[in-house]
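Visitor: What follows is a single structure, and I will ask about it in a moment.
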Amino acid sequence: MKHALLYLIVFHIFLFTACRNTDVQEAGQQTQASSAAIAAIDSNSVPLPLVSGWLAPVQLTGVETSVSMEDYFSDVTKIDSITTSQGIRAQLGPDKKELILNIDGDLGFLSTLRFWAGGNHYDLLLKTPVTMPVTLRLRDLKYKSVRIKGEMNAWNPNEGVMVLKNGIWELGFQLNPGDYQYVFVVDGKEITDPKNPQKASNGSGGYNSLLSLKKAGKSGLPKLHSPRATGDVLQIGIDNPGAAFVFWENQLLETRKEGNIITVTLPREAATATSSSVRAFGQNENGVSNELLIPLEAGKVATEKTNKN
């Protein structure tokens, strides 16, 4: 009887221990599952891109340009900082919704801004107003005051005060290509430019002087063409070469130029992306090239490409 009772007690102890081990094992499995779930959540917590599609180039409108950041970024609060090119200043508003760009030096026809957000960066192309330096001059005949009024200063003589230097009155402007009517205001009297034979009717029976500034001919502008890729190396042909700006998605790539060939190395992500694209822009001393859009499929140049003049 005692043996039977002892056997029964041992059996219950064994059964209880087995159940406890099962409970611990199941609890351990749950802990491991929970850890795996957390790891999966963490691995999927990659920040979403702040930009959908291409960042459209910004056309600078003058010395100061205002840009709405909400037109470019889905969440402007994620922008950490901005890196600018030489000759441009950028000031982001307190709520990061407005960006003020100021030209404070010499810029080429094209330049870039880089936005930093959470360790990622996005590059934006800037297009500088295509202006030409022009100086108008008038020989002094003992004048007391000489001013210019015309289409280059909204016919406001107060914005056209000329300076006397070595017997010549002169004033400089930065002007876009086009036609500009103007007159000199000499001691309160309007006269046309005696050195400029071009005239235009002023609509009142008289004439204004006419200044004509022409764009550079297309023959002198750079032209991008014939992209081809070998592995991760992309080459683009360029006529009338100068500087080049090549973007994969919204990231500016480092370029190398040898003669009439521009070479860039595509990032590794281009090979794994089902579809992506490259945009290329060129400039030289005469102006800006066509825009070349190069679709990619798994890092290889697709058959279609778009030229924008």
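Visitor: Please determine, by comparing only the residues of segment 156-180 that are touching a Phe, Trp or Tyr at 6+ places or on another chain (Cβ under 9 Å) and not aliphatic (A, V, I, L, M), which one is farthest from Phe109 (Cα to Cα).
Guide: At the first step, the residues of segment 156-180 found to be touching a Phe, Trp or Tyr at 6+ places or on another chain (Cβ under 9 Å) are 160, 162-164, 169, 173, 180.
If we keep only those that are not aliphatic (A, V, I, L, M) as well, we get 160, 169, 173, 180.
Numbers: Gly160: 27, Trp169: 31, Phe173: 18, Tyr180: 22 Å.
Ranking the qualifying residues of segment 156-180, first place goes to Trp169.
Visitor: Here is a further query. In segment 285-301, what residues are of a type outside the set (A, V, I, L, M, F, W, C) and under 18 Å from the mean Cα position of the chain (by Cα)?
Guide: Correct list: Gly287, Ser289, Asn290, Glu291.
Visitor: Next up: Could you please tell me which pairs satisfy a Cβ distance under 7 Å, a separation of 6+ or placement on different chains, a first residue in segment 98-119 that is closer than 20 Å to Phe245 by Cα and among the hydroxyl-bearing types (Ser, Thr, Tyr), and a second residue that is modelled with pLDDT of 90 or more and in a strand (DSSP E or B)?
Guide: Pairs that qualify, where the first residue is closer than 20 Å to Phe245 by Cα and among the hydroxyl-bearing types (Ser, Thr, Tyr) and the partner is modelled with pLDDT of 90 or more and in a strand (DSSP E or B), are Ser111/Ile88; Ser111/Leu126; Thr112/Asp123; Thr112/Leu124; Thr112/Leu125; Thr112/Leu126; Thr112/Phe245; Thr112/Leu252.
Visitor: Are any residues in segment 148-165 within 28 Å of Ile100 (Cβ to Cβ) and either in the same structural domain as Ser74 (by TED's automatic domain parsing) or outside any helix (DSSP H, G or I) (or both), and if so, which ones?
Guide: Ala154, Asn156, Gly160
Visitor: Residues that are exposed (fewer than 13 other Cβ atoms within 10 Å of the Cβ) and of a type in the set (Ser, Thr, Tyr): does segment 84-97 have at least one?
Guide: For segment 84-97, residues exposed (fewer than 13 other Cβ atoms within 10 Å of the Cβ) and of a type in the set (Ser, Thr, Tyr): absent.
Visitor: Which of (1) of a type outside the set (D, E, K, R); (2) more than 19 Å from Gly119 (Cβ to Cβ); (3) part of a loop (DSSP other than H, G, I, E, B) does Thr65 not meet, given it meets every other one?
Guide: Unmet for Thr65, out of (1) of a type outside the set (D, E, K, R); (2) more than 19 Å from Gly119 (Cβ to Cβ); (3) part of a loop (DSSP other than H, G, I, E, B): (3).
Visitor: Take the residues in segment 107-147 that are in contact with a helix residue (DSSP H, G or I) (Cβ under 7 Å, 6 or more places away or on another chain) and part of a strand (DSSP E or B); name whichever of them is modelled with the lowest pLDDT.
Guide: Looking at residues that are in contact with a helix residue (DSSP H, G or I) (Cβ under 7 Å, 6 or more places away or on another chain) and part of a strand (DSSP E or B), I get Ala117.
Visitor: Look through segment 169-189, keep the residues that are more than 30 Å from Asn286 (Cα to Cα) and touching a residue at least 12 places away in the same chain (Cβ under 8 Å), and return whichever of them is surrounded by the fewest Cβ atoms within 10 Å (Cβ to Cβ).
Guide: Going through the qualifying residues, I end up with Gly188.
Visitor: Give all pairs with beta carbons closer than 6 Å in which a residue from segment 225-253 that is of a type in the set (D, E, K, R) meets a residue that is at pLDDT 95 or above and crowded, with 20+ Cβ neighbours inside 10 Å; count only pairs at least 6 apart in sequence or on separate chains.
Guide: Sorted first by the residue in segment 225-253, then by its partner, the pairs are Asp232/Leu266.
Visitor: Would a scan of segment 13-35 turn up a residue that is of a type in the set (Lys, Arg) and at pLDDT below 90? It would help to see each step written out before you state the result.
Guide: Of segment 13-35, the ones of a type in the set (Lys, Arg) are 20.
Then keep just the ones that are at pLDDT below 90; that gives 20.
Scanning segment 13-35 turns up at least one residue that is of a type in the set (Lys, Arg) and at pLDDT below 90.
Visitor: So which residues in segment 194-218 are of a type in the set (Gly, Ala, Ser), more than 26 Å from the chain's Cα centre (by Cα) and either surrounded by 14 or more Cβ atoms within 10 Å (Cβ to Cβ) or not in a loop (DSSP other than H, G, I, E, B) (or both), if there are any at all?
Guide: If the condition is that a residue be of a type in the set (Gly, Ala, Ser), more than 26 Å from the chain's Cα centre (by Cα) and either surrounded by 14 or more Cβ atoms within 10 Å (Cβ to Cβ) or not in a loop (DSSP other than H, G, I, E, B) (or both), then Ala200, Ser201, Ser209, Ser212 are the ones that fit.
Visitor: Next question, about the same structure. Is one or more of the residues making up segment 120-138 touching a Ser or Thr at 6+ places or on another chain (Cβ under 8 Å), of a type in the set (Phe, Trp, Tyr), over 30 Å from Leu211 (Cβ atoms) and in the same structural domain as Val67 (by TED's automatic domain parsing)?
Guide: No, the conditions are met nowhere in segment 120-138.
Visitor: Same structure, new question: Quick one: in segment 236-251, of everything that is surrounded by fewer than 19 Cβ atoms within 10 Å (Cβ to Cβ) and within 20 Å of the chain's Cα centre (by Cα), which residue is nearest to Trp116 (Cα to Cα)?
Guide: Start the filter on segment 236-251 by keeping residues that are surrounded by fewer than 19 Cβ atoms within 10 Å (Cβ to Cβ), which leaves 237, 239-240, 243, 251.
Subset that is within 20 Å of the chain's Cα centre (by Cα): 243, 251.
Numbers: Ala243: 24, Gln251: 11 Å.
Top of the filtered list is Gln251.
The values are calculated or read from the model by the stated rules, or taken from the named source; none is laboratory data. Model, not experiment: these values are computed from the prediction. Quick reminder, even Gly has a Cβ in these numbers, built from the backbone with ideal geometry, and neighbours come from all protein chains shown.
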